[in-house]
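Beneath this line is the structure, given in structure tokens, with notes to follow.
Every number here is computed from the coordinates shown, using simple stated rules; none is lab data. Because the structure is a prediction, the values reported are computed rather than measured. So basically every Cβ, Gly included, is an ideal-geometry build from the backbone, and we count neighbours across all protein chains shown.
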Amino acid sequence: MRRMILAIVGTAAIPAAAPLAQNAANIGLASAAKNEVIIVGEANRGLKTGDTIFQNQHIRTGRNSAAQLLFRDETALTMGPNSSLVLDKAVYDPEKHTGEITVRAVSGAFRFISGASPTGSYSINTPAGTVGIRGTWIEMLVVGQTVRILVRRGVIQFCNLAGQCARVPGLMQWPPGNP
């Protein structure tokens, strides 16, 4: 199954009408896209199930919409309705089992399940700080400058904008005290 998914990721094609994506690295595919899922800045081109995703793309979901992105290392990132995400960096070498994924969760609800890259190779930037994934499964809500994270499996390291870091094994909100 793993080889089949990697083969699909490696062979999926994107329409030639995406000039910004042509200069960026192919990092995976949209394994699901429901309703309004768009790539911002490429004339707000729609993203459909099976479309290739590229480094530096900004993806946004509309109301009653969702998307699941599958990266080359089999990391799965799900976006809920009214969510916005930038795919800053995603590299993976299947021969060496090394990689790095950095995304920017701008707003909305997300589920992140890590793939075959080593623990510590994942980073999610938010308006409140940076989440370093040290586990395998988190759910996150970003609203304005507030981030709420539920660690379903494993542990995360959260560093706020002032550079203060803490390991979080369960539930956290930053800044603390905001409902």
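For this structure, a couple of remarks:
- DSSP-defined antiparallel bridges as percent of all bridges, the range 93-179, nearest 5: 90 percent
- Average projected area [Cα convex hull, the chain], square nanometres: 10.3 nm²
- Across the options Gly177, Val106, Ile59, the greatest Cα extent toward the positive end of the charge dipole of the range 55-179 (unit charges at beta carbon of Lys, Arg, Asp, Glu) belongs to Gly177.
- Against the main long axis of the alpha-carbon atoms of the chain, helix 2-11 sits at an angle near 60°.
- Length added when fully stretched, Glu100-Leu150, from 0.36 nm per residue minus Cα-Cα: 15.8 nm
- Hydrodynamic radius of the range 24-77 by the Kirkwood approach over all distinct alpha-carbon pairs: 11.0 Å.
- Size of charge dipole - the range 49-137 - debye, nearest 20, with Cβ of Lys, Arg +1 and Asp, Glu -1, no other charges: 340 debye
- Straight-line cross-link partners of Lys34 among the lysines, defined as a Cα under 19 Å from its Cα and at least 8 positions apart when in the same chain: Lys48.
- Extension gain for Asn64-Gln164 works out to 32.4 nm (0.36 nm per residue, less the C-alpha to C-alpha distance).
- Debye log10 I(q)/I(0) for the range 99-179, one point scatterer per Cα, at q = 0.12, 0.13, 0.14 Å⁻¹: -0.28, -0.33, -0.38
- Each label point was placed 7 Å from the Cα along the Cα-to-Cβ direction; for Ala43 and Thr119 their separation is 4.7 nm.
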